[in-house]
Amino acid sequence: MKRGVIAVYLEVFLFAIASVSAADFTVTHSGDNVVEIGGDIDLTLHITNNDFKTITLQITPEPYASLPSSYIELFSIDPKIVDVGSGQTKDVNVRVQMKDTVLPNDNYGTYVHVEDISKPESKVDHDLVLRVIPPDEVVSVTTSVPKLIAPGNEFSVDVTFKNNMNIQLSNIVANVGS
């Protein structure tokens, strides 16, 4: 008899824990997860309300995205607060810009935090995995050429080389022609 009573209490307790920790909404995303070093990527969050009433959700980036040690330069969400009706799905735009210092051919993880404003225990941390690839151009070249060049006079041209990779480049050969 005592075992049966304890089992019933245990089941009720476990059911109460499961109902408190479960969110009333689901979050998925779509969009390409491949981004260049220093590039940005646009994703779309799809938030579906599984509850019987309209909910107001606040969407925020991971708190570590703004730290100087983070590999993320910019993390923007639009809109940050959204009302989702019962059984409806709303889309939220997410843009992540990577820093120039990330290493190529690696995966970087981040997440967005989605929380019901009226019920803070109903929340989801949705994971995003970004694949960083090398840029199309390993070295960018910019020049500063004067607008007018007089015949027979000398002129100078400023040439700037920028390494777009987060690795040391060596044995670089620059050819100049006219």
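Near the amide H of F25, within less than 5 Å, lie the amide hydrogens of N50, all on another chain or at least 5 residues away, with H placed in the peptide plane.
Residues whose amide H lies under 5 Å from that of S122, counting only those 5 or more places away or on a different chain, are D116; hydrogens are built 1.01 Å from N in the peptide plane. For the range 99-107, the Karplus equation 6.51 cos²θ - 1.76 cosθ + 1.60, evaluated at θ = phi - 60°, returns couplings of 6, 6, 9, 6, 8, x, 6, 9, 9 Hz by residue, with Gly and Pro reported as x.
The stretch between D42 and F155 holds 36.3 nm of extra length on full extension. This uses 0.36 nm per residue minus the Cα-Cα distance. Less than 18 Å apart at the alpha-carbon level, and either on another chain or at least 8 residues along: which lysines does that give for K99? Partners found: K162. Working from label points 7 Å from Cα in the Cα-to-Cβ sense, the I172 to I117 distance is 5.0 nm.
Distance between the 7 Å Cα→Cβ label points at N105 and T89: 3.7 nm.
Roughly how many Å² is the accessible area per residue of the range 34-178, as a whole number, for a 1.4 Å probe?
On the way: 9360 Å² over 145 residues.
Per-residue accessible area for the range 34-178 comes out at 65 Å².
Could you look at the range 57-178 and say what percent of its accessible area is carbon and sulfur, using a 1.4 Å probe and all protein chains?
Numbers: 4220 of 8350 Å².
The computed percentage sits at 50.
Karplus-based coupling profile of the range 35-42, in residue order and whole Hz: 9, 7, 4, x, x, 10, 9, 10, with θ = phi - 60° in 6.51 cos²θ - 1.76 cosθ + 1.60 and x standing for Gly or Pro. Restricting the range 72-178 to chymotrypsin sites (Phe, Trp or Tyr not before Pro) that sit in a DSSP loop and have at most 10 other Cβ atoms within 10 Å of their own Cβ leaves F155. Straight-line reach from K90: taking Cα to Cα under 24 Å and skipping same-chain neighbours fewer than 8 places apart, the lysines in range are K53, K80, K119, K123. Amide H contacts of L128: T110, Y111, V112, each under 5 Å away and 5 or more positions distant or on a separate chain (H built 1.01 Å from N in the peptide plane; Pro and chain starts excluded).
The values are calculated or read from the model by the stated rules, or taken from the named source; none is laboratory data. No experiment lies behind these values; they were computed from the predicted model shown. Methodologically, a virtual Cβ is constructed for each residue, glycine included, from the backbone with ideal geometry; neighbour enumeration extends over all protein chains shown. Protein only, heavy atoms only, side chains kept; ligands, DNA and RNA dropped before computing areas. Shrake-Rupley method; radii C 1.70, N 1.55, O 1.52, S 1.80 Å.
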